[in-house]
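These notes concern the structure reproduced below.
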Amino acid sequence: MNLCASIKMERDKYALILLTTICITYFVENFLRSAAGALTPILITELSISHGKMGLLISAFFFVYGIMQVPSGILSDALGARKTIIVFTALTVVGVFIFWISHSYNLLAVAQLMIGIGCSVFYINAVKLVSTWFPTDRKATAIGILSAASGLGNFVAYMGFPLAVERFGDWRTLYLVMSLILVVNWVMNFFVLKEKEEIVVAGPHLSGSSIFRNLIDTITDRRLLPFIAGYMLASFSWVFLNWLPQFLIDVKGFDYITAGQVASAGSIAGIPGCIVIAAISDKLKKRKTPIVIFSSIYTMLLFIFLWMPSSLPNLVFLVMGFSLTFMVSFWVLFFSMIPETLPPEKAGVGLGLVNGLGTIGFSFIAPLYGGLVDATGKYYASNSLLLGGAILMTIIFTVFLKESYGGLSKNSHVELNQ
C-alpha cells in the first residue's frame, strides 16, 4: 500500500469516527429539542397553562436557537468547530439538568433558553466538519446521515415520553437517562477531537472588521434569498409535528399513547428520509429536482392528513404521519447546497442565516398556532396557516431555487458577486 492510499484510508477512518460521535450528539440534542412538544399534553395539565403559553415554552428553545445561528457561523470561522461545539455543549448539559429538576413554568422556560443557546451552534459546525472531510460524491449522504440522527432523537421523545409516563408514572426518568448520555458524549467529543488535533477544522481567526464586513456581504447576497424564504416556510412542518399529539387528542379523539405513536412515526421517518433523499440527490447529481418533487408531495399529503376523518384506522394515521416527515426531509439538501452556492468565506455565515431565520420563523409560528386555537376554539385557522405555507414553499422552490450540484467551480457561469 503506497503512502497516499494509507493517508486516504486514515482520513476516511477518521471521517467515520467523526460522523459517529457527532451523530450521537445530534441525536440527544434533537430529543431535547422535541421534549417540550412531546410533553405538551402532560405539561398543559401539570402546569395548568393555555395552549398559547405552551407554544411560548416550546418556542423559547427555538427563538434563541435561531438568534444564535449567525453568531454560530461567526464562531465557527473565528474559533474553529471543535472549541465551539465543546464549550456550548457544556452549557446544554447545565440547561438539561435545570429542566429535569424544574416544576414551574418560569424555571422550565429558563432551562429551554439555556438548552436552545447550547444546542444552537452544533449543527452548523457539524455540517462544516462533515463538508470538510467527505468528498463531493458522498457529502450529501454524510450530511443526510447526520441529519437522520435528528429523526431518531425526535422519535425517542415522542414515543418515549408516553411509554415512560405509562411505565414509571412520570417523564423525568427518561429525560435524566438522555441527559446522562449527553454528558458521556460530551466527554467523548472532547477526547476524540483533542486526540486528532492535526485534523481539527480551525477557522481563519478573522478580525472584528473582517467578520462584520463578511456578515454584511453574506446578508446582502441575493443567492441566499430562496434558501431563507423556503427554509422558513419548511419550518412550519416542525410546528405541526410539535403540535401533532395535542391536535390528535383534541380533534381526532386519540388518547396520549396513540397520539404519541402517530407523532413518533412521523419523527422516526426523518431517519430514512434524510438518508434516502440525500442519497437520491447524490445519485442524480442534482439538488433542486429532489427538493421540488418531495416538497410537492409533502404539500399534497398535508392537505389529506388535516382533513382525514377520525374514523379511519390508526394504521392510516401512522402511515400518513410517517410519510409527511419523510417527504419534508428534503430540508437536509439545503446544507449541501449553501456551501455549493456561496464561496467558503460566506458559507458558514450563510448556513447560520438560513438555519437561524428558519428557526426564528418556527418560534413565532408555534405560539401563533396555539394562540389561534385558544382564540377560535378550533384548529381550522391554525392548520390553514400551515397549509398555505407549504404551498408557497413549493412555489418558491420551483421558481426561484437554482441548481448547485458541483459547487461554484462547476457553476462558474453564475455571477459570484450579485
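Laboratory data are not the source of any read-out in this text; all were calculated from the coordinates shown. Values in this document were obtained by computation on a predicted structure and should not be read as measured data. Methodologically, a virtual Cβ is constructed for each residue, glycine included, from the backbone with ideal geometry; neighbour enumeration extends over all protein chains shown.
Numbers below:
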{"quantity": "Farthest toward positive dipole pole in the chain [+1 Lys/Arg, -1 Asp/Glu at C-beta], among 146, 130, 93", "calculated": "130"}
{"quantity": "Computed label-point distance, nm, for sites residue 184 and residue 101 using a 7 Å Cα→Cβ extension", "calculated": "2.3 nm"}
{"quantity": "Simple label model, 7 Å out from Cα along Cβ direction - residue 212 to residue 163, nm", "calculated": "5.3 nm"}
{"quantity": "Most fluctuating residue given options 212, 240, 61, as computed from a GNM of the chain linking Cα atoms under 10 Å", "calculated": "212"}
{"quantity": "Gain upon complete extension [residue 400, residue 312; 0.36 nm per residue less C-alpha separation]", "calculated": "27.8 nm"}
{"quantity": "Around residue 381: net Lys/Arg minus Asp/Glu count, Cβ-Cβ under 15 Å", "calculated": "-1"}
{"quantity": "Mean Cβ neighbour count within 10 Å, used as a protection proxy, ranking 223-233, 367-377 highest first", "calculated": "223-233, 367-377"}
{"quantity": "Packing-based ranking, highest mean first, of 90-97, 313-320, 15-22 given that Cβ atoms within 10 Å are counted", "calculated": "90-97, 15-22, 313-320"}
{"quantity": "The chain, helix-only ellipticity at 222 nm - DSSP H runs n ≥ 4, -39,500 (n - 2.57), divided by all residues, nearest 500", "calculated": "-27500 deg cm²/dmol"}
{"quantity": "Linear extension gain, residue 14 paired with residue 50, 0.36 nm per residue minus alpha-carbon span", "calculated": "8.1 nm"}
{"quantity": "Net charge over other residues, Cβ less than 12 angstrom from the Cβ of residue 314 (K, R count +1; D, E count -1)", "calculated": "0"}
{"quantity": "Charge sum, other residues only, whose C-beta stays under 9 Å from residue 339's C-beta, Lys/Arg counted +1 and Asp/Glu -1", "calculated": "+1"}
{"quantity": "Cα long-axis angle, helix 288-307 against the chain (0 to 90 degrees, to the nearest 10)", "calculated": "0 degrees"}
{"quantity": "The chain: most fluctuating residue of 59, 382, 235 per GNM, C-alpha cutoff 10 Å", "calculated": "382"}
{"quantity": "Cα long-axis angle, helix 69-79 against the chain (0 to 90 degrees, to the nearest 10)", "calculated": "30 degrees"}
{"quantity": "Degrees separating the helix 3-38 axis from the principal Cα axis of the chain, which is the longest one", "calculated": "20 degrees"}
{"quantity": "Gyration tensor (Cα) of segment 12-405, equivalent ellipsoid semi-axes in angstrom", "calculated": "31, 25, 19"}
